[in-house]
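This report concerns only the one structure given below.
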Amino acid sequence: MVRLIMLGGPGSGKGTQALKIAQDLDITIISTGNILRSAIISDDDLGKKAKEYVEKGELVPDRMMIEFMRKRLLQDDAAKGWVLEGYPRTAFQAEELDFLLDDLDQKINYAIYLNVSEETMIQRSLSRGNIDDKLDILQKRIELFKQRTTPILEYYEYKHNLITVSGENSIEQIEQEIFNKTKTI
């Protein structure tokens, strides 16, 4: 059973690679963005609480995100394995995710970090044309990413399941490097 986490900054290609890996291995891609959108649409109590944060442009609190993750990981399609994209965003969330997975009798095979330069993050993000991909906003997101991601990388490095891949190559080359480095799965 394959369970992977994709880590990387804005424009690193983590969404693209998560999708490719999920398709290649016939496993589910779990995106926090999709989880939050579904929760808000469902209009249940947890979704209503999350909506308040999302509408203000704030991060949904860790405890609430863990509850969303618990619900999502218990769905039938997650039983055959998954690629997690967009979560965890802090070392605390990484640790809480491990506790949750222990409760569910699951474990992560690898956390895959797509390492790209700041220049590449900016160039790729600006070329996407998303509403939040403006230079000043991007620079703030990149700085926040750097502050939050270093502790996450250290956490997974300590647990001996971090794989770092250069995200500067073509989509196909990155995918091949991921499969080469995770050949045990």
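Each value in this text was obtained by applying a stated rule to the coordinates, not by laboratory testing. All values reported here derive from a predicted model rather than from experimental measurement. Glycine also receives a Cβ, built like all others from the backbone with ideal geometry; neighbour counts cover every protein chain displayed.
Data overview
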{"read-out": "All-pairs Cα distance distribution in segment 14-56, expressed in whole percent, bin size 10 Å", "value": "28, 36, 26, 10"}
{"read-out": "Calculated Cα Rg over 2.2 N^0.38 Å (choose from (1) 1.16; (2) 1.05; (3) 1.00), label", "value": "(3)"}
{"read-out": "Estimated vicinal HN-Hα couplings, Hz - segment 85-97 in sequence order (Karplus 6.51, -1.76, 1.60; Gly, Pro = x)", "value": "10, x, 7, x, 10, 9, 4, 4, 5, 4, 5, 4, 4"}
{"read-out": "Interchain or long-range residues, amide H under 5 Å from residue 164's placed H", "value": "113"}
{"read-out": "Ordering of 162-168, 8-14 by burial proxy (mean other Cβ atoms within 10 Å per residue, highest first)", "value": "8-14, 162-168"}
{"read-out": "Most positive-pole-ward Cα, 19, 176, 54, against dipole of segment 2-181 from beta carbon charges", "value": "54"}
{"read-out": "Prolate/oblate/rounded label for segment 34-87 (Cα gyration tensor, a/c 1.5)", "value": "prolate"}
{"read-out": "Long-range amide H partners of residue 86 with built H, under 5 Å", "value": "6"}
{"read-out": "Estimated [θ] at 222 nm from DSSP helical runs (n ≥ 4, -39500 (n - 2.57)) normalised by residues in the chain, nearest 500", "value": "-18000 deg cm²/dmol"}
{"read-out": "Given charges at beta-carbon only (K, R positive; D, E negative), |dipole| of segment 2-181 in Debye", "value": "240 debye"}
